[in-house]
1. What does the charge count around Y411 come to, taking other residues whose C-beta lies under 12 Å from its C-beta (Lys +1, Arg +1, Asp -1, Glu -1)?
2. Given a Förster distance of 30 Å, report the FRET efficiency between V337 and K397 from their Cβ-Cβ distance, rounded to the nearest 0.05.
3. May I ask you to derive the FRET efficiency for E34 and N275 from their Cβ-Cβ distance with R0 = 25 Å, giving the value to the nearest 0.05?
4. Projected onto the charge dipole of the chain (+1 at Lys/Arg Cβ, -1 at Asp/Glu Cβ, origin at the Cα centre), which of N409, T86, P188 gives the Cα projection farthest towards the positive end?
5. Dividing the convex hull volume of the Cα atoms of the stretch 2-196 by its residue count, what figure in Å³ per residue is obtained?
6. Go ahead and run the numbers for FRET between N367 and D232, Cβ-Cβ distance against an R0 of 25 Å, rounding to 0.05.
7. Counting only DSSP beta bridges with both residues in the chain, tell me the antiparallel percent, nearest 5.
8. Once Lys and Arg get +1 and Asp and Glu get -1 on their Cβ, which of G7, S103, I324 lies farthest toward the positive end of the dipole of the chain?
Amino acid sequence: MTITIVGHGYVGLVTACVFADFGNKVWVIGHTEEKIDRLKKGDPIIYEPGLKELLEKNLKSDRIHFTTDYQKPAAESEIIFITVGTPPKADGEADLSAVFEVSHKIAKNLRREFTVVSCKSTVPVDTNKKIEQILLKEKPDNVEIAVASCPEFLREGTGLHDTLNPDRIVIGSNSKKAIGLLLDLHEPLNGKRVITDLASAELIKYTSNSILATKISFANLISFFCEKTGADAETVLDAVGFDHRIGRIFMDPGVGYGGSCFPKDVKALLQTGKNLGINVNFLQAVEDINEQAKINIIQKIKKFSPGKKIALWGLSFKPNTDDIRFAPSIYIIENLVKNNFIIKAYDQIASKNIERIFGKQIELVQNPYEAVKNADALVIVTEWNEFKQADLMKVKKLMKHPVIFDGRNIYEPANMKKLGFKYFSTGRKTIL
Ligand code: UDX
């Protein structure tokens, strides 16, 4: 097949490379020439494990093509996917301007007898209908279109693995022909097929992300209880998770969920609910607890840090990505800087992105040991593997005070006691 992907972010580029690798001809449309030039040279721009190699391989095989021009891709493609961003507006509602802007451009350039336009961007219920209206109004008279919602469930950091091993493939459309073409395209992939209407497909993605965010907020709420009562959050959550109806996955307490999906999707569903007159207090609580999780660690640092010099490990919103969108690190740094803390931070790939926000307000260093030199306390924000078995004796020697605030529970309290650290973790007893 020949397909087009509009957008080359974490979803767009991963999807494009995977379908190109299956032997399809894939066009990727962007809107910044400079970025398209980099992509043509094999630079994925974003960091996603394995993506650079897959991009280079498919560029070499001439199966993936990058452009800013809609003409050829739209005229040639059987399926066009929209994978542009839908960031939150000030009120939390999803900003759909990019989705609609590209829909206009697609419409004007359609030439095939029949084209499927399928939205992979996470969009509120009814958006695909609006895309359809734009396409029908602006397309040439002699061509036919059908829209389909095909939500994407990949996680950053494991994007290729998730795309190649989906739990389910959701296709929402009123057109049998569109469903047939999308099923053909996804044929090499395993996973349950869910064929449904547009609105259900749109809602599936928000439901999925909101339930996952709820599990995390529930774990954080329970960790607050544990900190007040002396119970151990990890033990409580492990025991609860053994119940198959609940499961332990996505119940790791910490400094709150971040990233480009959970924060914005919970907010967007909240706003859609409000617009529909639905009581959304439950979702509001999920979001409030997430804010409280970020505040929780800041309060501990302010109260128990023996000085103002802080080493910070991990800046990305989760390991294996350079993405800092809605990363808890941003909130933590902002607050600490406001309270006159001096921060030396380390992250193996997200530092450049953080520098764009904070400039010289914090010092960014090249390795974790450099960060802890002379520090009054170490704060662990992201659970990168390299921190899990760091040389803690060396860390202790380099620090001014052996104090750790662990926002991700990566160490065993008993071991920290043995090593002589003051260790504040999440939902577990403090080691003094
Ligand atoms: C998420 C969904 O998992 C994915 O299906 C969807 O397509 C996009 O949104 P992503 O945001 O890439 O993926 O990462 P994810 O692994 O879900 O983590 C999101 C945030 O939750 C991270 O900040 C992570 O640290 C946090 N988290 C996750 C927890 O705090 N505790 C957990 O138990 C799990």
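The values are calculated or read from the model by the stated rules, or taken from the named source; none is laboratory data. Please read all numbers here as calculations on a predicted model, not as lab measurements. Cβ sites come from the backbone with ideal geometry, for glycine too, and all protein chains shown count toward neighbours. Just so you know, the surface numbers come from the protein's heavy atoms only, side chains and all, with ligands and any DNA or RNA stripped out. Shrake-Rupley method; radii C 1.70, N 1.55, O 1.52, S 1.80 Å.
1. Details: positive: K388, R408, K417, K418, R428; negative: E234, E383, D406, E412.
Neighbourhood net charge equals +1.
2. Numbers: r = 27 Å, r/R0 = 0.91.
Between V337 and K397 the formula returns 0.65.
3. Values: r = 38 Å, r/R0 = 1.51.
Once the sixth-power term is evaluated, E becomes 0.10.
4. It is N409.
5. Working: hull volume 22.2 nm³, N = 195.
Measuring per residue, one finds 114 Å³ for the Cα hull of the stretch 2-196.
6. Details: r = 32 Å, r/R0 = 1.29.
Once the sixth-power term is evaluated, E becomes 0.20.
7. Details: 3 of 48 bridges.
Here the antiparallel bridges make up roughly 5 percent for the chain.
8. Of the options given, the answer is I324.
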